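Just below is one structure, and these are the notes that go with it.
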Amino acid sequence: MMNKLQYHESKQRGSPDFPLDYHFVDKKHNRYEMPYHWHAEVEILHVLQGTFLLSVGNADHTLHAGDVAYIASGLLHGGTPEECIYECVVFDMRLLLKSNDLCKRYIEDVLLGKVDIYPRFAANSRVTRQAVLPMFEALRKHSEGYSLITLGCLFHFVGVTYQTGSYKRNDLPDPGENKKMLALKRVFEAIETNYANPPTLKQLSAVVGMTPKYFCRFFREATHRSPMDYIAFYRIELACYAFAATNRNVTEIAMDIGYSDLNYFIRCFKKYKGMTPGRYRRLLCGKDRSSLHQTLDAGSFIPS
């Protein structure tokens, strides 16, 4: 059975004592593309090279090298990297509640939605320079004491956002979620559950009680793709994940995600990845690395 790319990620981050995951993502990473998903944890994303087109909630952001994105708990998000290398941390904000009462008050306002931290910080901002860059450097090196540095930088991150006014205050936070985001989450759940036998346009529109015509417009405005195009994209991302995580052959993987015609699967794969499945697997195995077009200097930004 194929492992799904869950639109709602719910897993243990890091360890119970330090619930934080760090990811360094380049073209060889099996989650280079970012399908739409959400999780209860907060995410901070830092672009090292290239451009990242990020959608968070109802807004789109174009991130360039050095820029940082803050993705609050529960927000639906996805993105498209363009010749991009990036890194991110996903962590439970409650990690910062293990502190004195003065700090708790500020953290709790963020957790309760009374304070919304801005979603984007430029490369030269104080938040990026003073808090984000030292945190990612510590996580990359993973040397003794890195968890202390990381924790200190997370406190610094929240502190500098308050100090610089990089947030907006919600005196009466909405207890419910935006209806548009709730509808999209139901649609992505339907796609995730039925990827091997994809739902029709009529079936997807029925999930959210819309006419097919209105649903197509609604979905494209949110994701910049048609519903059927997104389903095809998602299935190819599943295949990429399987190539990285298993030793199953191309035919088996194609069958797992619902492609009975191998030639059609190969054409779809080339459409979204610009290469055949076989070549993609060789890239993952390091047998054709020159095609990755990575232009970083040797050792630069590479986690040790």
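Where a number appears in this text, it was derived from the coordinates with a stated rule and is not lab data. Only a predicted model underlies this, so the values are computations on that prediction, with no experimental measurement involved. Using ideal geometry, Cβ is built from the backbone for each residue, glycine included, and neighbour counts are taken over all protein chains shown.
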- Task: Using a/c under 1.5 as the rounded threshold, could you call the chain rounded, prolate or oblate? The axes a ≥ b ≥ c are square roots of the C-alpha gyration tensor eigenvalues, and prolate needs a/b larger than b/c, oblate otherwise.
- Result: oblate
- Message: Between R129 and S73, what's the calculated FRET efficiency when r is the beta-carbon distance and R0 is 25 Å? Round to 0.05.
- Response: 0.50
- With springs only between Cα atoms under 10 Å apart, run a GNM on the chain and tell me which of F243, F18, F215 wobbles the most. F18
- With a ≥ b ≥ c from the Cα gyration tensor eigenvalues, square-rooted, and the rule rounded for a/c under 1.5, otherwise prolate when a/b > b/c and oblate otherwise, region 8-169 is rounded
- Sort 52-64, 125-137 for me by packing, meaning the mean count of neighbouring Cβ atoms within 10 Å per residue, highest on top. 125-137, 52-64
- Query: To the nearest 10 degrees, how steep is helix 179-193 against the longest Cα principal axis of the chain, on a 0 to 90 scale?
  - Reply: 50 degrees
- Task: Return the sequence-ordered ³J(HN,Hα) values of region 256-272 in whole Hz as given by the Karplus equation 6.51 cos²θ - 1.76 cosθ + 1.60 applied to θ = phi - 60°, using x for Gly and Pro.
- Result: 4, 9, x, 9, 7, 9, 4, 4, 5, 4, 5, 5, 5, 4, 5, 4, 8
- Show the residues, 5+ positions off or on another chain, whose built amide H is closer than 5 Å to the amide H of L20. G14, S15
- Taking the Cβ of each residue in T150, T51, T276 as the centre, tally the other Cβ atoms inside 10 Å and list the residues starting with the fewest. T276, T51, T150
- Task: For each pair in K27/K168; K27/K271; K27/K213; K28/K141, compute the distance between the two Cα atoms and list the pairs where it is over 27 Å.
- Result: K27/K168; K27/K213
- Query: Assuming R0 = 25 Å, what is the FRET efficiency of E189 and R217, from their Cβ-Cβ distance, to the nearest 0.05?
  - Reply: 0.75
- Query: Any idea what the relative contact order of region 182-234 is, in percent, if you count C-alpha pairs under 8 Å spaced at least 6 apart?
  - Reply: 31 percent
- Task: List the relative contact order of region 179-284 as a percent without decimals, with contacts defined as Cα pairs under 8 Å and 6+ residues apart.
- Result: 21 percent
- Message: Students often check this: by mean Cβ neighbours within 10 Å, which of 202-209, 89-96 ranks highest, and how do the rest follow?
- Response: 89-96, 202-209
- For the residue pair N58 and L182, what label-to-label distance in nm results when each label sits 7 Å from Cα along the Cα-to-beta-carbon direction? 1.5 nm
- For the E137, N247 Cβ pair and Förster radius 41 Å, calculated FRET efficiency rounded to 0.05 is 0.70
- Item | Acute angle (nearest 10 degrees) that the helix 227-245 long axis makes with the longest principal axis of the chain, alpha-carbon atoms | 80 degrees
- Message: Below 8 Å, C-alpha to C-alpha, sequence gap of six or more: please give me the relative contact order for the chain in percent.
- Response: 17 percent
- Item | Rough spin-label spacing in nm, given labels placed 7 Å along Cα→Cβ, for M275 and C103 | 4.5 nm
